[in-house]
Amino acid sequence: MIVCRNQSLETVKQQLAKGNSWALRSPLIIAVASRPELDCQIKGRNYYTLGIGLTVENMLLQGISMGLVMHPIAGFKEEGVKSALNIPAEYRVHVLIICGYPGSREDADQSVLKEEDAPRQRKPVEAICSEETWSKNLDLS
């Protein structure tokens, strides 16, 4: 992980996708990079991605418990982030975590607020979970 909060922060922000323009006000971004050889590989299953997920989730929970806004994103130019942070070629940047303090609704982009305030559309439990065996109802797409 690389914590970006000074010179590297502005360079990393230049690598964000347009849809993540809200993150330009963030005072801190954490880049999470890894490679398969850093964890076990069993029969073609790379467990390093599980480790990344667990690490990120724990960071999110800790930050939120401290009153921070913590938001993982995938919308960034990986090669640009790697270059900005001098990350070796054999590593992948899996996620950037945007960190900051809650802002005011008055300062937020109205299109973002509209999306935030809209009712959430969730799949029914039966579409994502079955019991005992794979169900024809599973829709993981």
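Brief remarks on what is shown
- Applying a length cut-off of 15 Å (Cα extent along the axis) and a mean Kyte-Doolittle floor of 0.0 to the DSSP H helices of the chain leaves 48-65.
- Footprinting exposure proxy for I64, I30 (fewest neighbouring C-beta atoms within 10 Å first): I64, I30
- Most mobile of V56, V125, V12 in a GNM of the chain (Cα contacts under 10 Å): V125
- With the helix formula -39500 (n - 2.57) applied to DSSP H stretches of n ≥ 4, the chain reaches a computed 222 nm mean residue ellipticity of -8500 deg cm²/dmol.
- Segment 1-15-segment 120-136 distance, computed between alpha-carbon centres (Å): 39 Å
- Note: relative contact order over the chain, using C-alpha pairs below 8 Å and six or more positions apart, is 26 percent.
- Sparse-neighbour loop sites [GluC sites (Glu not before Pro); segment 38-141; at most 16 other C-beta within 10 Å; DSSP]: E90, E131, E132
- Cα-based shape type of segment 60-141, given that a ≥ b ≥ c are square roots of the gyration tensor eigenvalues and the cut on a/c is 1.5: oblate
- Of K77, K18, K114, the one that fluctuates the most in a GNM where the chain has Cα springs shorter than 10 Å: K114
- Bridge orientation summary for the chain: considering DSSP beta bridges with both residues in this region, about 100 percent are antiparallel.
- With an a/c value of 1.5 or above and a/b not larger than b/c for the gyration tensor axes a ≥ b ≥ c computed over the alpha-carbon atoms, segment 2-104 is described as oblate.
- GNM remark for the chain: springs join alpha carbons under 10 Å apart, and the peak mean-square fluctuation among K13, K43, K82 falls on K43.
- Magnitude of the charge dipole for the chain, about its Cα centre and with charges confined to Cβ atoms of Lys, Arg (+1) and Asp, Glu (-1), is about 240 debye.
All of the numbers you see were taken from the coordinates with simple rules; none came from a lab. Bear in mind the structure is a predicted one, so any value in this text is a computation, not a measurement. Neighbour counts run over all protein chains shown; Cβ positions are idealised from the backbone, glycine included.
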